[in-house]
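Trainee: Take this structure first; my questions come after.
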Amino acid sequence: MKLLVVEDEVKLAEYLRKGLSEEGYTVDVAHTGIDGLHMATEVDYDLLILDGMLPGIDGLAVLAALRQSKQTPVLMLTARGQVEDRVRGLQSGADDYLVKPFAFSELVARIQVLLRRAGSVKSHGEPTLLKLADLELDLIRRKVTRAGQRLDLTAKEFNLLSLLLRRQAEVLSRTELAEQVWDMNFDSETNVVEVAVRRLRSKLDQPFERPLLHTVRGMGYVLEAREP
């Protein structure tokens, strides 16, 4: 799931980016209304976290402009707690409203509700339930099961598996996995990808008879159901 945070308070924006990344989301950040609107218009985000008071153009103006072309779920953040301010935000097209200061756990819960709601009405585009053989991954509920048993994955393991599932039967290199999952340029000296794959395999394959995650020597990794 890809989120955009539009927040001019640099420390708060970084706090949200780090915290939501640890929850398993891919997070981009913009610090002005103009940059936020450009990014939200050009990129297909699953959800937008939008501060109400921004330099350049404020959050309500960003929201109004965005609603002319997209219906991306929007969670408004604001220091203004008056009822009329919340009403204005909701009437302008916001899907939810959270007043600063807020608990991070409440923010995450509201994000999950909005994503679940968006997934329930989604009739086309990217599926929210990915499957391979007896493996199922729910992108909205962030739940993974195999043969009916729930797998306890870390945020990075979940993101790694979801990428492999989206691209199942396709060999993905260590470089691409590092860029897509860890958002970093690949360093041949690091073994972060190998360690993550090993840990994922111990949960995904070792307890079961049929392996799904395979190593292609010299090329990378592939998720597929091979014939016994």
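Trainee: Give the stretch 25-53 a look and list any residue that's part of a strand (DSSP E or B) and more than 30 Å from residue 153 (Cα to Cα), or say none.
Mentor: Scanning the stretch 25-53 gives a single hit, 51.
Trainee: So, one more: Consider the stretch 67-112. How many of its residues are part of a helix (DSSP H, G or I), at pLDDT 80 or above and in contact with a Phe, Trp or Tyr (Cβ under 7 Å, 6 or more places away or on another chain)?
Mentor: Total satisfying the criteria: 0.
Trainee: In addition: Residue 11 passes all but one of (1) in contact (Cβ under 8 Å) with a residue 12 or more places away in the chain; (2) surrounded by fewer than 21 Cβ atoms within 10 Å (Cβ to Cβ); which number fails?
Mentor: Single failed check for residue 11: (1).
Trainee: Here is a further query. Which condition number in (1) buried (at least 21 other Cβ atoms within 10 Å of the Cβ); (2) touching a residue at least 60 places away in the same chain (Cβ under 8 Å) is the one that residue 26 fails?
Mentor: So residue 26 meets the others, but not (1).
Trainee: What residue, among those in the stretch 174-212 that are within 21 Å of residue 130 (Cα to Cα) and polar (S, T, N, Q), is modelled with the highest pLDDT?
Mentor: 202
Trainee: Just the residues that are within 15 Å of residue 201 (Cβ to Cβ), among the hydrophobic types (A, V, I, L, M, F, W, C) and surrounded by fewer than 20 Cβ atoms within 10 Å (Cβ to Cβ), please, taken from the stretch 141-162.
Mentor: If the condition is that a residue be within 15 Å of residue 201 (Cβ to Cβ), among the hydrophobic types (A, V, I, L, M, F, W, C) and surrounded by fewer than 20 Cβ atoms within 10 Å (Cβ to Cβ), then 151 is the only one that fits.
Trainee: Can you pull out the strands (runs of 3 or more DSSP E) entirely within the stretch 128-228 that have at least 2 residues that are touching a residue at least 60 places away in the same chain (Cβ under 8 Å), in contact with a Gly (Cβ under 7 Å, 6 or more places away or on another chain) and of a type in the set (A, V, I, L, M)?
Mentor: none
Trainee: Same structure, new question: So which residues in the stretch 29-63 are in contact with an Asp or Glu (Cβ under 7 Å, 6 or more places away or on another chain), surrounded by 15 or more Cβ atoms within 10 Å (Cβ to Cβ) and over 27 Å from residue 160 (Cα atoms)?
Mentor: 31, 32, 33, 51, 52, 54, 59
The values are calculated or read from the model by the stated rules, or taken from the named source; none is laboratory data. A quick note: this is a predicted structure, and the numbers were derived from the prediction, not measured. Positions of Cβ are backbone-derived with ideal geometry, glycine not excepted, and every protein chain shown enters the neighbour counts.
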